[in-house]
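To start, the structure under review is shown below, and the notes come after it.
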Amino acid sequence: MAAPPLCRLVLTHLLVALFGMGAWAAVNGIWVELPVVVKELPEGWSLPSYLSVLVALGNLGLLLVTLWRRLAPGKGERVPIQGLLLLLPSPPSVPSGGPSTSLRVRTPGAEEEEEASPLQEPPGQAAGTTSSSDPKAHQLFSARSACLLGLLAVTNALTNGVLPAVQSFSCLPYGHLAYHLAVVLGSSANPLACFLAMAVLCRSLVGLCGLSLLGMLFATYLMTLAVLSPCPPLVGTSAGVVLVVLSWVLCAGVFSYVKVAVSSMLHGGGRPALLAAGVAIQMGSLLGAIAMFPPTSIYHVFHSGEDCVDLCGS
């Protein structure tokens, strides 16, 4: 198969980049304003949980269209829609799996490249699997690919639903500056991790699980701060500000790298894996956002502070 013309490839990449930039500019623009408006609006410190749910629900539209086209007879536009599904934005306080995925271009040697897909089971494990007429589908339903999809769903549930919902409760006790830095620097960690993955990509499932555990350690610390709000440890100190901002940045960077690596490995499985990755990203984000909405906005498990009122007795 002949390679597409260079001008066509450049135009395709440009259009995909503009699509991603347009969607992400709107969501990031709202998110970086939260440190300013969160105390002025009626939702108060629970405002991020409302936005997380709304963004996740908004992304369901393209997901439903993709699944419908998957089952409908006419599937001519299925592959482009699947690719755009991976570019949809999610709450950017911790990066989503959107722009972290790369656009793969079909080249004459692509068939040989995909034959060595990392989704394929090791020889010792593949012998016991059920045969399939589609090699890509056979790889997608392997134990390794199931672990990758599960890891992708869990990391997106944390970064696009659970953690953004409590970011205000973990940061605002340390001041507006801490919240602002956590939002801006946390969003900046996303593209930096993507560029790092372009140079050094981990393809070991054990390594990715280890990185995920490291990210969960930072996430546990941030959740602990949110639970202890408005009087977390080191409140009112510079050390507390540094720790909370650094934890958000490192948590964002680690999880972003994991999602880039997992998405890149899943793309080797072809069209079925591309669709499965998009579904895992959006469903994980939605479930994480919905799970955190009741404790933050209905039952008020997390407590907010008040300006000019010392609730910690310091």
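Considering (1) open to solvent by less than 70 Å² (accessible area, probe 1.4 Å); (2) part of a helix (DSSP H, G or I), the lone condition that Ser229 does not fulfil carries the number (2).
In the set (1) assigned to a helix (DSSP H, G or I); (2) open to solvent by 10 Å² or more (accessible area, probe 1.4 Å); (3) aliphatic (A, V, I, L, M), Leu311 fails one condition alone, (1).
State yes or no: is Ala273 crowded, with 24+ Cβ neighbours inside 10 Å and not aromatic (Phe, Trp, Tyr)? Reasoning before the result, please.
On the way: crowded, with 24+ Cβ neighbours inside 10 Å: yes; not aromatic (Phe, Trp, Tyr): yes.
Against the criterion (crowded, with 24+ Cβ neighbours inside 10 Å and not aromatic (Phe, Trp, Tyr)), Ala273 qualifies.
What residue, of Val235, Val242, is more than 14 Å from the chain's Cα centre (by Cα) and open to solvent by 60 Å² or more (accessible area, probe 1.4 Å)? After applying the criteria, what remains is Val242. Restricting Leu222, Leu201, Leu208 to residues that are outside any loop (DSSP other than H, G, I, E, B) and farther than 14 Å from Thr159 by Cβ narrows the list to Leu208. Considered as a group, the residues in region 163-189 that are surrounded by fewer than 24 Cβ atoms within 10 Å (Cβ to Cβ) and within 13 Å of the chain's Cα centre (by Cα) include one that is modelled with the lowest pLDDT, and that residue is Ser187. Of all the residues in region 39-61, those that are open to solvent by less than 30 Å² (accessible area, probe 1.4 Å) and under 15 Å from Phe302 (Cα atoms) number 6.
Out of the residues in region 43-69 meeting the condition of being touching a Gly at 6+ places or on another chain (Cβ under 8 Å) and among the hydroxyl-bearing types (Ser, Thr, Tyr), tell me which one is modelled with the highest pLDDT. Among them, the one singled out is Ser52.
Suppose we filter region 148-162 for residues that are over 26 Å from His303 (Cβ atoms) and open to solvent by less than 50 Å² (accessible area, probe 1.4 Å); how many remain? Walk me through it before giving the result.
Step one: list which residues in region 148-162 are over 26 Å from His303 (Cβ atoms), which gives 148-156.
This time we only want the ones that are open to solvent by less than 50 Å² (accessible area, probe 1.4 Å), so: 148-153, 155-156.
Counting residues in region 148-162 that are over 26 Å from His303 (Cβ atoms) and open to solvent by less than 50 Å² (accessible area, probe 1.4 Å) gives 8.
Applying the set (1) within 20 Å of Met223 (Cβ to Cβ); (2) surrounded by 20 or more Cβ atoms within 10 Å (Cβ to Cβ) to Ile281 leaves exactly one unmet item: (1). With respect to Ser264, is the statement that it is part of a helix (DSSP H, G or I), of a type in the set (S, T, N, Q) and open to solvent by 10 Å² or more (accessible area, probe 1.4 Å) true? Spelling it out, Ser264 is indeed part of a helix (DSSP H, G or I), of a type in the set (S, T, N, Q) and open to solvent by 10 Å² or more (accessible area, probe 1.4 Å).
Looking at Ser304, is it of a type in the set (S, T, N, Q) and over 22 Å from Leu64 (Cβ atoms)?
Details: of a type in the set (S, T, N, Q): yes; over 22 Å from Leu64 (Cβ atoms): yes.
So Ser304 passes the test.
Collect the residues in region 190-226 that are over 17 Å from the mean Cα position of the chain (by Cα), open to solvent by less than 50 Å² (accessible area, probe 1.4 Å) and over 14 Å from Leu243 (Cα atoms), keeping them in residue-number order. Matches in region 190-226: Cys202, Leu205, Gly207, Gly210.
The values are calculated or read from the model by the stated rules, or taken from the named source; none is laboratory data. Quick caveat, the model's predicted, so the values are computed rather than measured. Cβ: placed from backbone, ideal geometry, glycine included. Neighbour counts: every protein chain shown. To get the accessible areas, we keep the full protein, side chains included, count just its heavy atoms, and leave off ligands, DNA and RNA. Shrake-Rupley method; radii C 1.70, N 1.55, O 1.52, S 1.80 Å.
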